[in-house]
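> Questions regarding the structure given below will be posed in turn.
Please treat every number below as a calculation from the coordinates, not as lab data. Computed from a prediction, not measured in an experiment: that's the story for all the values here. Every residue, glycine among them, receives a Cβ derived from its backbone with ideal geometry; neighbour counts consider all protein chains shown.
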Amino acid sequence: MRTLTLIVALLVVAIQAGCEGAKSIAFDVTVENRSQRPVTIWLTKNDIPPEAGWLSPEQLSASGIDGSGPIPGVVVPPGQQAGTGAVKGFFYKRTSAILRIYDGQLNFAQILSTKEGGLLRRDLVLPPGESRWVVLDRPTLTIEPASNVEPMPVTGVRQNTP
């Protein structure tokens with residue numbers, strides 16, 4: 001009986017620890033594409049709770065989206081940047097915001113067929129708050145925090161001289 005009571009007590013503690021309420025967390029992500037080709041970016045999360053604006057391509061596909069219309073991901077042409085602005089989501093302790101970056105301007109079917117860990121997709125765990133990322137060609141798709149990369153030189157700007 002004592003063993004059963006101990007097991008039940010441990011299960012209750014484990015369930016309570018795993019079910020702490022989800023917190024609202026804000027993210028502001030900017031991606032600068034310094035590669036020679038477009039990239040497609042997608043903001044999602046790696047666990048529950050599912051919510052609009054954070055659904056993965058796989059979740060959208062399972063919900064019946066046919067992929068014939070515009071995709072929720074964003075295409076960033078070479079030499080351009082794109083940002084999410086401030087976006088909030090609900091996250092449990094074990095849930096992370098994920099920025100997926102796909103090599104190329106992909107349609108929905110291509111996104112679904114591009115698997116994590118392959119040459120054509122990088123998944124980044126995002127820190128809460130603002131983060132800036134740079135996409136580079138090194139011979140494969142490489143993503144670096146903007147703080148690790150030299151700023152792009154400003155060209156085509158005329159400076160006033162006295």
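> Do any trypsin sites (Lys or Arg not before Pro) in segment 48-130 lie in a DSSP loop with no more than 12 other beta carbon atoms within 10 Å, and if so, which?
Passing sites in segment 48-130 are LYS93, ARG94, LYS115.
> Treat each spin label as a single point 7 Å out from the Cα along the C-beta direction, and report the LEU136 to ASN148 distance in nm.
Reported label-point gap for LEU136 and ASN148 is 0.8 nm.
> Something else: Does segment 74-135 come out rounded, prolate or oblate by the C-alpha gyration tensor, with a ≥ b ≥ c the root eigenvalues, rounded set by a/c under 1.5 and, if not, prolate when a/b is larger than b/c and oblate if not?
Oblate shape, in that a/c is at least 1.5 and b/c is the bigger or equal ratio.
> I've got another one for you. Net charge around THR40, counting only other residues with Cβ within less than 12 Å of its Cβ (Lys, Arg = +1; Asp, Glu = -1)?
Neighbour charge sum, excluding THR40 itself: +3.
> Over segment 20-148, calculate the relative contact order: mean separation of alpha carbon pairs under 8 Å at least 6 apart, over the residue count, as a percent.
RCO, segment 20-148: 38 percent.
> Using a Förster distance of 35 angstrom, determine the FRET efficiency expected from the C-beta separation of ALA109 and LYS23, and round it to 0.05.
Calculated value: 0.50.
> For segment 20-148, rounded, prolate or oblate, judged on the Cα gyration tensor with a ≥ b ≥ c (square roots of eigenvalues), a/c < 1.5 rounded, else prolate if a/b > b/c?
Note, shape of segment 20-148 comes out oblate.
> Continuing with this model, one more query. Enumerate the calculated ³J(HN,Hα) couplings along segment 33-46 in order (Karplus 6.51 cos²θ - 1.76 cosθ + 1.60, θ = phi - 60°), each rounded to whole Hz, writing x wherever the residue is Gly or Pro.
9, 9, 7, 8, 9, x, 10, 10, 10, 9, 9, 8, 9, 9
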